[in-house]
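Step one of this worksheet: look at the structure below.
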Ligand SMILES: [Zn+2]
Ligand SMILES: [Zn+2]
């Protein structure tokens, strides 16, 4: 079968490879890209196997054994570590990672599979993975009604849609005019920069935007750091507002299996305009060029259809 194989930083090849091995084989119909894939392509990633390795973690398709349509979750929590026992499976200490969606088929443990609601296209189901992470990030925030989102990429827009859907006022700051224009479709108010808000989500993942998010939070407010800085980064943060204004700084990572099912339900209910976040379907052979294309312009996830 054909798969995208990483051989090293920025060395992605589309190759004929042996069938993957695992509990269940899934024929991939849609695999979407996100910023993490670009990071993996560019620098590698702690959850990847050593080179050569496969990647792609937003994956939907059909089980070869039962014919059931499924979302393949990118991880299965162990269920036994302290965070798992404390009902925080998203920070499981020894999850099983399930990567390799950029391929004709992927092997997955049964526990990674989530049934796709009837009539929900595979492309929409793939988006349930990042949407589940956005659902989790919102759960890490407060109930404040005045919210700022720093970064109008796909994650920022998913956060905006969820928060606006709860009736909150959401200001979205992004430097790209195309992304500011997209904001309103997701229920946000576009801005060049954030003012002062009771609750701020940072959805960029850079030291300077972590600082900017803190500086845009009102006294007593909450900052949720959604965007991950590259591993090993040390960030210096403004001490004065954190201390004297009693800001709550909260990290957020990943999602729980239940949050994936909630995301699938939201998508099936039509509450979220996933189409405007996706490119036209591309083939596996188009993926290397897609990942290396500049990320300016509208917020967009590449939609890979390995059957093309
Ligand atoms: Zn992702
Ligand atoms: Zn665990």
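The values are calculated or read from the model by the stated rules, or taken from the named source; none is laboratory data. Owing to the predicted nature of the structure, the values given are computational and were not obtained by experimental measurement. In this analysis, Cβ positions are derived from the backbone assuming ideal geometry, glycine residues included, and neighbour counts consider all displayed protein chains.
Results, tabulated for the structure shown:
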read-out	value
Single condition residue 7 does not satisfy, out of (1) within 16 Å of ligand 2 (Cβ to nearest atom); (2) at negative phi; (3) surrounded by fewer than 15 Cβ atoms within 10 Å (Cβ to Cβ)	(1)
So residue 278, is it touching a helix residue (DSSP H, G or I) at 6+ places or on another chain (Cβ under 9 Å) and more than 28 Å from residue 54 (Cβ to Cβ)	no
Odd one out for residue 277, checked against (1) closer than 27 Å to residue 89 by Cα; (2) buried (at least 22 other Cβ atoms within 10 Å of the Cβ)	(1)
Residue list for segment 72-95, restricted to those being assigned to a strand (DSSP E or B), in contact with a helix residue (DSSP H, G or I) (Cβ under 7 Å, 6 or more places away or on another chain) and within 16 Å of ligand 1 (Cβ to nearest atom)	72
Close pairs (7 angstrom Cβ cut-off, 6 or more residues apart or separate chains): farther than 15 Å from residue 129 by Cα in segment 21-49, within 12 Å of ligand 1 (Cβ to nearest atom) and assigned to a helix (DSSP H, G or I) anywhere	45/39; 48/40
Residue among 133, 128 that alone is over 22 Å from residue 44 (Cα atoms), within 16 Å of the chain's Cα centre (by Cα) and part of a helix (DSSP H, G or I)	128
Residue match in segment 146-169 (condition: crowded, with 24+ Cβ neighbours inside 10 Å and without any contact (Cβ under 8 Å) to a residue 24 or more places away in the chain)	no
Residue, nearest to residue 306 (Cα to Cα), within segment 58-82, restricted to residues that are surrounded by fewer than 16 Cβ atoms within 10 Å (Cβ to Cβ) and either free of Cβ contacts under 8 Å to residues at least 12 places away in the same chain or within 16 Å of ligand 2 (Cβ to nearest atom) (or both)	67
Strands (runs of 3 or more DSSP E) within segment 1-68 that include 3 or more residues under 27 Å from residue 116 (Cβ atoms) and modelled with pLDDT of 95 or more	2-8, 24-32, 59-63
